[in-house]
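**Student:** Quick one: the structure is below, questions incoming.
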Amino acid sequence: MLRHIISILIENESGALSRVAGLFSARGYNIESLTVAPTEDPSLSRMTILTSGSDEVLEQITKQLNKLVDVVKVVDLSEAAHVERELMLIKVRATGKDREEMKRMADIFRGRIIDVTESTYVIELTGASSKLDSFIAALDAGLILETVRTGVCGIGRGDRILKI
Amino acid sequence: MMISGAEIVIRCLQEEKVDCVFGYPGGSVLHIYDALFKQDQVKHILVRHEQAAVHAADAYSRSSQRVGVALVTSGPGVTNTVTGIATAYMDSIPMVVLTGQVPSFYIGQDAFQECDTVGITRPCVKHNFLVKDVKDLAVTIKKAFHIASTGRPGPVVVDIPKDITAQMCEFDYPKTIQMRSYNPVVKGHLGQIKKAVQILQEAKRPIIYTGGGVILSDAAEQLTKLAHKLNFPVTNTLMGLGGYPATDKQFIGMLGMHGTFEANNAMHYADVILAVGARFDDRVIGNPEHFSEEKRRVIHIDIDPSSISKRVKVDVPIVGNVPDVLEELVKLMDGGFRTDPEVANWWKQIDEWRGRDSLRYKQSEHIMPQFVMEKLYEVTGGNAFVTSDVGQHQMFAAQYYKFDKPRRWINSGGLGTMGVGLPYGMGVLMANPDAQVACVTGEGSIQMCIQELSTCKQYGFPIKIINLNNGMLGMVRQWQEMFYSKRYSQSYVTSLPDFVKLAEAYGHVGMKIEKPEDVEPALRKAFTEHKDDLVFMDFIIDPVANVFPMVAAGKGLTEMILAEDL
Ligand SMILES: Cc1ncc(C[n+]2csc(CCOP(=O)(O)OP(=O)(O)O)c2C)c(N)n1
Ligand SMILES: [Mg+2]
């Protein structure tokens with residue numbers, strides 16, 4: 001069961017997202033995260049899906065996605081060199097001695113504090129998903145008030161370009 | 001000139017050379033029905049239930065090379081079509097379903113007869129559209145026909161809000177259509193084809209295994225040419241019957257759950273399988289683990305890449321249009337007719353399996369369903385279009401009616417939808433007005449769309465209904481007998497109508513046949529004297545006749561139960 005990042009170029013039409021999501025649920029494929037937004041060409045959206053499965057399952061996922069009429073292109077980014085990032089916003093309690101400690105942790109992980117109140121911080125952190133996981137693990141769970149993550153997005157390195 | 005959206009819909013159908021639509025009117029399609037009224041190029045067949053409209057359009061496609069069209073109203077009109085759409089989708093049937101929708105400014109407000117048509121049908125269509133602007137209407141319909149009929153075919157739904165059908169717009173029907181996101185591969189990869197040629201020439205125990213893809217792509221002729229050149233045995237799936245002449249000596253019968261002894265053994269023990277437009281589904285190969293115990297090489301030709309290596313690992317995938325790939329194979333195959341000792345030995349082995357005569361059955365004092373099918377074949381000279389419902393009768397028809405031509409065997413293979421038989425007959429007759437049509441059904445299935453007897457009267461569809469009446473949901477009863485210690489839970493149908501009277505009430509001819517010696521005369525009478533009538537033939541058959549051979553669910557292909565074992 002390997003982790004795979006699938007990148008999809010898809011017509012930016014209403015309902016396109018539900019076609020992809022519907023395909024995954026109907027065929028029992030698993031979605032760990034999904035992100036989508038229009039590209040520089042507003043008629044096209046780019047979707048990134050983090051999934052896992054055997055080689056056979058991944059082959060089917062790619063073929064089934066390609067079969068959707070709205071899908072223009074599909075690549076499995078994780079097949080070759082790529083970079084991936086995820087953004088997290090995390091709201092933590094920041095009072096007393098924890099206030100300084102939170103600041104220090106954010107610095108260590110190269111996070112930024114983007115909202116401050118008397119008792120809370122919102123920290124913005126970008127990186128590979130595993131880095132976000134470690135940040136959460138490094139904090140005292142009792143101090144975490146809320147987290148929100150975008151899910152993974154990724155892009156091929158160098159000449160690997162997904163475009164029409 | 002500006003015309004209304006409703007008129008645009010009709011003009012599009014005319015441009016697509018659609019000669020008939022199957023439908024049922026209602027509020028949201030009233031403008032379209034009004035436009036339909038003002039012309040006579042596109043005929044409308046008024047069904048009695050929307051499910052039947054879609055089944056009929058589906059059979060219109062199956063029995064011709066054209067795209068069937070259905071037209072229904074929003075809400076319940078649409079929900080009634082879902083079974084029909086899913087049936088067509090599972091068998092990759094090209095079809096366009098036009099659905100009315102509430103006015104666009106009401107969408108999302110739970111308006112009267114509103115439903116999320118695009119959402120409800122999404123998992124069972126090849127694609128669907130909601131038209132939001134009258135300017136997009138013509139091009140959307142063009143796309144619908146294009147998508148439905150190219151690549152791996154399938155049903156396409158176009159949902160049209162009522163206000164769009166009233167708005168005025170210039171009509172301009174595109175001659176061709178380009179879609180950057182939809183470009184099905186059509187040409188097989190030459191390198192792969194050459195690899196296939198090599199493997200086929202080395203084969204010692206080959207088999208050609210073909211499915212519905214051969215029918216849908218009209219590749220029967222090319223398939224026959226290739227098979228004859230190679231002298232390989234050919235087996236068909238339930239969906240593939242007629243893709244290869246059943247009376248040809250290289251034909252070894254249907255394979256799968258109710259396949260012949262020779263076909264299932266040959267499939268299992270083959271060292272090379274040439275799979276053509278088939279998908280190794282669970283009803284065909286039985287338990288996949290058991291199937292993969294034998295070492296073999298598989299060549300798979302299919303228009304749909306996702307059908308390849310989905311259930312069985314394929315060594316040589318060839319994605320492309322089936323007839324073209326087969327043509328290419330024939331061209332590249334020098335030598336030809338395989339008479340070398342290995343293939344001759346393989347044929348000897350197959351003939352030994354054939355010797356078991358696995359379709360043999362015992363006559364009894366009752367009418368045997370197999371006997372009715374044999375007589376139907378004789379009386380129609382093998383030339384009928386046979387539609388069927390789902391159950392034991394379907395399997396008997398598939399096993400005993402020898403289809404020599406494609407598009408003559410019309411049944412629901414993938415979804416297994418009871419109730420299709422009668423509306424399928426209507427669709428066949430609209431596409432092939434002079435055809436002999438037999439609808440093989442059971443007393444369970446026929447009641448699922450029985451209301452269409454009324455449609456048949458209105459349009460004079462002379463369907464010959466062969467009701468194999470065992471008074472049981474026979475296929476269910478067979479499983480209960482074999483796997484549930486004869487606990488016949490709800491498989492017995494009581495309070496059956498008097499089918500003769502029922503047929504007569506609708507204005508048709510009814511016959512009840514209870515003795516074996518009356519079978520042939522009744523059939524002859526129906527197909528000659530009553531050539532132009534719908535005849536409902538109620539054959540009271542052996543109530544406990546079972547379908548054999550049988551590969552039980554979860555068993556391997558060679559673990560067949562034969563009639564002689566019992
Ligand atoms: C719509 C639908 N409901 C249920 C089934 C399950 N089913 C398969 S065969 C069968 C019995 C069919 O009975 P009948 O039409 O009398 O045919 P027989 O098997 O007796 O020949 C049933 C209930 C089905 N295939 N389709
Ligand atoms: Mg029955």
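**Student:** Shielding by partners for A:65-72, please: the mean number of other protein chain Cβ atoms within 10 Å of each residue's Cβ.
**Tutor:** Average per residue, whole number: 5.
**Student:** If you average the sequence gap of Cα pairs under 8 Å that are 6 or more apart and divide by the length of the range A:1-106, what percent do you get for the contact order?
**Tutor:** So the answer I get is 35 percent.
**Student:** Using the Cβ atoms and a cut-off under 10 Å, what net charge is assigned to the surroundings of B:LEU562, where Lys and Arg are +1 and Asp and Glu are -1?
**Tutor:** Cβ neighbours under 10 Å give a net charge of -1.
**Student:** A follow-up question, please. Order of B:LYS126, B:LYS555 from fewest to most other C-beta atoms within 10 Å?
**Tutor:** On the way: B:LYS126 25, B:LYS555 15.
If I rank by nearby Cβ atoms, fewest first, I get B:LYS555, B:LYS126.
**Student:** Rounded to the nearest 0.05, what FRET efficiency do A:THR39 and B:ILE177 give with R0 = 25 Å and r taken as the Cβ-Cβ distance? Could you check?
**Tutor:** Values: r = 23 Å, r/R0 = 0.94.
According to the calculation, E is roughly 0.60.
**Student:** With θ set to phi - 60°, apply the Karplus curve 6.51 cos²θ - 1.76 cosθ + 1.60 along the range B:275-292 and write out the HN-Hα couplings as whole Hz, x wherever there is a Gly or Pro.
**Tutor:** So the Karplus estimates, Gly and Pro as x, are 9, 10, x, 9, 10, 6, 6, 5, 6, 9, 9, x, 5, x, 5, 4, 5, 7 Hz.
**Student:** Now a separate question. How big is chain B along each principal axis, measuring the range of its Cα positions in Å and listing the largest first?
**Tutor:** Ordered largest first, chain B gives principal extents of 73, 61, 43 Å.
**Student:** Can you spot the lysines whose alpha carbon is less than 28 Å from B:LYS515's alpha carbon? Ignore those fewer than 8 places along the same chain.
**Tutor:** Qualifying lysines at Cα under 28 Å: B:LYS362, B:LYS375, B:LYS402, B:LYS464, B:LYS486, B:LYS501, B:LYS525, B:LYS531.
**Student:** Under 14 Å from the Cβ of A:GLU101, count the other residues' Cβ atoms, weight Lys and Arg +1, Asp and Glu -1, and hand me the total. Walk me through the numbers before you get to the answer.
**Tutor:** On the way: positive: A:ARG93, A:LYS97, A:ARG99, A:LYS103, A:ARG104; negative: A:ASP98, A:GLU100, A:ASP107, A:ASP140.
Summing Lys/Arg as +1 and Asp/Glu as -1 gives +1.
**Student:** Could you calculate the FRET efficiency of B:MET333 with B:GLN65 from 1/(1 + (r/R0)^6), where r is the beta carbon distance between them and R0 is 22 Å, rounded to 0.05? List each step's numbers first, then the result.
**Tutor:** Working: r = 27 Å, r/R0 = 1.24.
For B:MET333 and B:GLN65, the calculated efficiency is 0.20.
**Student:** Another one. What percent do you get for the relative contact order of the range B:110-259 when only Cα pairs under 8 Å and 6+ apart count?
**Tutor:** Working: 165 pairs, mean separation 23.3, N = 150.
RCO, the range B:110-259: 16 percent.
**Student:** Something else: As an exercise, identify the trypsin sites (Lys or Arg not before Pro) in the range B:491-537 lying in DSSP coil whose Cβ has no more than 14 other Cβ atoms within 10 Å.
**Tutor:** Taking the range B:491-537 and a limit of 14 other Cβ atoms within 10 Å, the loop trypsin sites (Lys or Arg not before Pro) found are B:LYS531.
**Student:** How much length, in nm to one decimal, is gained on full extension between A:ILE144 and A:ARG112, taken as 0.36 nm per residue of separation minus their Cα-Cα distance? Before the final figure, lay out the partial values.
**Tutor:** Numbers: separation 32, 0.36 × 32 = 11.52 nm, distance 1.58 nm.
Extra length available between A:ILE144 and A:ARG112 comes to 9.9 nm.
**Student:** Still on this structure, please answer the following. Which chymotrypsin sites (Phe, Trp or Tyr not before Pro) in the range B:275-377 sit in a loop by DSSP (not H, G, I, E or B) and have at most 16 other Cβ atoms within 10 Å of their own Cβ?
**Tutor:** B:PHE337
**Student:** OK, next. Taking K and R as +1 and D and E as -1, what net charge do the other residues with C-beta under 13 Å from the C-beta of B:GLY320 add up to?
**Tutor:** -3
**Student:** Just want to confirm a number: the relative contact order over chain B, from Cα pairs under 8 angstrom separated by 6+ residues, in percent.
**Tutor:** So the answer I get is 14 percent.
**Student:** May I ask you to evaluate 6.51 cos²θ - 1.76 cosθ + 1.60, the Karplus curve with θ = phi - 60°, for each residue of the range B:528-533 and list the ³J(HN,Hα) values in order in whole Hz, giving x for glycine and proline?
**Tutor:** Running phi through 6.51 cos²θ - 1.76 cosθ + 1.60 with θ = phi - 60° gives 10, 4, 9, 3, 9, 9 Hz.
**Student:** Dipole magnitude of the protein assembly as shown about its Cα centre, charges +1 at Lys/Arg Cβ and -1 at Asp/Glu Cβ only, in debye to the nearest 20? Provide the component values of the computation, followed by the final result.
**Tutor:** Details: 78 positive and 88 negative charges, 206 e Å.
Around 1000 debye, computed over the protein assembly as shown.
**Student:** Stretch B:LYS17-B:ALA552 to full length: gain in nm at 0.36 nm per residue minus the Cα-Cα span? Spell out each step's value before the answer.
**Tutor:** Details: separation 535, 0.36 × 535 = 192.60 nm, distance 4.59 nm.
Roughly 188.0 nm would be gained on extension.
**Student:** Right, here's the next one. Amide H of B:ARG297 versus every other amide H placed in the peptide plane: which residues, excluding those fewer than 5 positions away on the same chain, fall under 5 Å?
**Tutor:** Excluding prolines and chain starts, which carry no amide H, the hits are B:VAL272, B:ILE273.
**Student:** So if we plug the beta-carbon distance of A:ASP159 and B:GLN39 into 1/(1 + (r/R0)^6) with R0 = 56 Å, what FRET efficiency do we get, rounded to 0.05?
**Tutor:** 0.50
**Student:** Which residue, B:MET90, B:TRP346, B:ILE466, has the largest displacement toward the positive end of the dipole of the protein assembly as shown when charges sit on each Cβ (Lys, Arg +1; Asp, Glu -1)?
**Tutor:** Of B:MET90, B:TRP346, B:ILE466, it is B:TRP346.
**Student:** Continuing with this model, one more query. Does anything in the range B:357-374 have its amide N under 13 Å from the 7 Å Cα→Cβ label point of B:ASP518, and if so which residues?
**Tutor:** B:366-367
**Student:** Now for a different question. What distance in nm separates the two pseudo spin-label positions at B:VAL500 and B:ASN345, each 7 Å out from Cα along the beta-carbon direction?
**Tutor:** Result: 6.0 nm between the two label points.
**Student:** For the protein assembly as shown, what proportion of DSSP beta bridges, expressed in % and rounded to the nearest 5, is antiparallel?
**Tutor:** Within the protein assembly as shown, antiparallel bridges account for around 45 percent of the total.
**Student:** Let me ask you something else. Which whole-number percent of Cα pairs in the range B:199-350 have a distance greater than 28 Å?
**Tutor:** Numbers: 951 of 11476 pairs.
Taking all Cα-Cα pairs of the range B:199-350, the fraction more than 28 Å apart is 8 percent.
**Student:** At q = 0.23 Å⁻¹, what is the base-10 log of I(q)/I(0) for the range A:40-164 according to the Debye formula with one equal point scatterer per Cα and no solvent? Please give it to two decimals.
**Tutor:** -1.30
**Student:** Next question. What are the ³J(HN,Hα) values, in whole Hz, obtained from phi via the Karplus relation 6.51 cos²θ - 1.76 cosθ + 1.60 with θ = phi - 60°, for each residue of the range A:88-93 in sequence order, with x given for Gly and Pro?
**Tutor:** Working through the residues one at a time gives 10, 10, 10, 9, 10, 6 Hz.
**Student:** Give, to the nearest whole percent, the P(r) tail of the range B:453-566 beyond 26 angstrom, counting all Cα pairs.
**Tutor:** In whole percent, the share of Cα-Cα pairs in the range B:453-566 beyond 26 Å is 38.
**Student:** Right, here's the next one. Between the range B:350-402 and the range B:152-197, how far is it from one alpha carbon centroid to the other, in angstrom?
**Tutor:** Between the Cα centres of the range B:350-402 and the range B:152-197 lies a distance of 40 Å.
**Student:** Further question: Sort A:THR147, B:THR117 so that the residue with the fewest other Cβ atoms within 10 Å of its own Cβ comes first and the one with the most comes last. If you can, show how the numbers build up before the last one.
**Tutor:** Numbers: A:THR147 16, B:THR117 26.
Going from least to most buried by this count: A:THR147, B:THR117.
**Student:** At a 10 Å Cβ-Cβ cut-off, how would you order B:PHE22, B:PHE499, fewest neighbours first? Present the calculation step by step, with values, prior to reporting the outcome.
**Tutor:** Values: B:PHE22 31, B:PHE499 21.
Taking fewest neighbouring Cβ atoms as first place, the list is B:PHE499, B:PHE22.
**Student:** Give me the lysines in straight-line cross-link reach of B:LYS142: C-alpha distance below 25 Å, same-chain residues under 8 apart excluded.
**Tutor:** A:LYS67, A:LYS73, B:LYS17, B:LYS38, B:LYS43, B:LYS126, B:LYS132, B:LYS162, B:LYS175, B:LYS187
**Student:** Follow-up. Taking 0.36 nm per intervening residue step and subtracting the Cα-Cα distance, what contour gain separates B:ARG356 from B:GLN109 on full extension?
**Tutor:** Contour length minus the Cα-Cα distance gives 82.4 nm.
**Student:** Counting Lys and Arg as +1 and Asp and Glu as -1, each charge on the Cβ, what is the dipole of chain B about the Cα centre in debye, to the nearest 20?
**Tutor:** In total the dipole reaches around 980 debye.
**Student:** Something else about it: Could you check the simple spin-label distance between A:LYS97 and A:LEU2, using points 7 Å along Cα→Cβ, in nm with one decimal?
**Tutor:** 4.8
**Student:** Mind checking the dipole of chain A: about its Cα centre, +1 per Lys or Arg Cβ, -1 per Asp or Glu Cβ, Debye to the nearest 20?
**Tutor:** Numbers: 21 positive and 24 negative charges, 22 e Å.
Computed charge dipole of chain A: roughly 100 debye.
**Student:** Can you list the residues of the range B:316-330 with backbone N under 20 Å from a point 7 Å past the Cα of B:LYS194, pointing along Cα to Cβ?
**Tutor:** In the range B:316-330, the label zone of B:LYS194 (backbone N under 20 Å from the point 7 Å along Cα→Cβ) covers B:316-321, B:324-330.
The numbers here are math on the coordinates, done by the rules we state, and not lab data. These numbers were taken from a predicted model, which means no experiment stands behind them. All Cβ positions, glycine included, derive from the backbone under ideal geometry; neighbour counts span all protein chains shown.
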